[in-house]
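Here the structure comes first, spelled out in structure tokens, and everything after it is commentary.
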Amino acid sequence: MSPQAVGTAARRAWHGVRWYLREFSGEARWDDYLRHCTQHGHEPVSRREFERRRADEAERNPISRCC
């Protein structure tokens, strides 16, 4: 395998891991929210307020989990 192919494979692997971690942690939801606000012309709330609303929603509507 050439060094260029190894570098390409490593970058693809890193992007996949990064995507997974952002989705798993919820970090990607902030980006989705900002994109939604831009598309619809809304003024976004602060990051702190966004996370507070997410936490409040999670408390109001608990999801049964195995752990």
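Give the ranking of 38, 8 by solvent-accessible surface, highest area first, calculated with a 1.4 Å probe.
From most accessible down to least: 38, 8.
Give me the 1.4 Å probe accessible area per residue for the chain, excluding ligands and nucleic acids, in Å².
91
With a bin width of 5 angstrom, please list the P(r) values of the chain as percents of all Cα-Cα pairs, from the 0 bin to the one holding the largest distance.
The calculated distribution, bin by bin, is 3, 13, 14, 17, 15, 12, 9, 7, 5, 3, 0.
What part of the accessible area of region 1-61, given as a whole %, is carbon or sulfur when the probe is 1.4 angstrom?
55
Taking the 0 to 90 degree range and rounding to the nearest ten, how far is the long axis of helix 3-25 tilted relative to the main principal axis of the chain, both from C-alpha atoms?
So the inclination is approximately 10 degrees.
Using 0.36 nm times the number of residues separating residue 49 and residue 12, minus their current alpha carbon distance, what extension gain do you get?
10.0 nm
Given Cβ point charges of +1 (Lys, Arg) and -1 (Asp, Glu) and nothing else, what value in debye, to the nearest 20, does the dipole of the chain about its Cα centre take?
240
The values are calculated or read from the model by the stated rules, or taken from the named source; none is laboratory data. Note that the structure is predicted; figures quoted are calculated from it, not measured. We place every Cβ from the backbone using ideal geometry, glycine too, and count neighbours over all the protein chains shown. Protein only, heavy atoms only, side chains kept; ligands, DNA and RNA dropped before computing areas. Shrake-Rupley method; radii C 1.70, N 1.55, O 1.52, S 1.80 Å.
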